[in-house]
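Quick notes on the structure that follows.
The values are calculated or read from the model by the stated rules, or taken from the named source; none is laboratory data. This is a predicted model, so every value here is computed, not measured. Backbone-built Cβ (ideal geometry, glycine too); neighbour counts: all protein chains shown. Quick note on the areas: whole protein, heavy atoms, side chains included, nothing else; ligands and nucleic acids left out. Shrake-Rupley method; radii C 1.70, N 1.55, O 1.52, S 1.80 Å.
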Amino acid sequence: MKTVLAHGVFDLLHSGHIAHLMQCKSFGDYLIVSVVADVFVSKPQLIDSQLDRVFKVNALRCVDHVVLCEAPGPEYLLRRLKPCIYVRNDEYVRQHTPEYVTCRELGIQVGFTKTTSPHTSDLIQRIKAIK
């Protein structure tokens, strides 16, 4: 069985997130999603709490299991879960993140999904513009 790990905040779950997670599932057989805990989110304000975000992501048909990432990054989850593939959005292709180093050390393949609109920040701006 080919296990896939995806990682993200998934605030204000929307079609862009769902498209990303559906693409993540296509990389393997079993999709685990790591949701970043509130305390480690660098955004000034979250719309949904970590419990709401975990609940919503877990409700998606393409997701097999959800874990709350209670660290600044998913490195400990990569070491513990040892997925076959770690998948991020293609916005992260050129970034050199600690989790990519961990993947290289453990021999975990890194894959990328194609960005699909909207972005959470775009939705928040549209909501704010409603009068």
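Things to note:
- Counting only residues that are open to solvent by less than 80 Å² (accessible area, probe 1.4 Å) and not in a strand (DSSP E or B), the stretch 60-75 holds 8 of them.
- Residues of the stretch 44-58 satisfying the condition of being assigned to a helix (DSSP H, G or I) and open to solvent by less than 70 Å² (accessible area, probe 1.4 Å): Gln50, Arg53, Val54, Val57
- Gly107 passes every criterion in (1) at positive phi; (2) touching a residue at least 24 places away in the same chain (Cβ under 8 Å) apart from (2).
- Boolean, Leu78 is in a helix (DSSP H, G or I) and modelled with pLDDT of 95 or more: yes
- Which numbered condition Val41 misses (of (1) more than 17 Å from Gly16 (Cβ to Cβ); (2) open to solvent by 40 Å² or more (accessible area, probe 1.4 Å); (3) among the β-branched types (Val, Ile, Thr)): (2)
- In the stretch 82-123, residue nearest to Ala37 (Cα to Cα) [restricted to those that are under 15 Å from the mean Cα position of the chain (by Cα) and aliphatic (A, V, I, L, M)]: Val87
- Some residue of the stretch 2-21 being in a helix (DSSP H, G or I), open to solvent by 80 Å² or more (accessible area, probe 1.4 Å) and not polar (S, T, N, Q): no
- Note on the stretch 88-131: residues that are part of a helix (DSSP H, G or I), open to solvent by less than 90 Å² (accessible area, probe 1.4 Å) and of a type in the set (D, E, K, R) total 3.
- Residues of the stretch 22-36 satisfying the condition of being crowded, with 17+ Cβ neighbours inside 10 Å and not in a helix (DSSP H, G or I): Phe27, Gly28, Leu31, Ile32, Val33, Ser34, Val35, Val36
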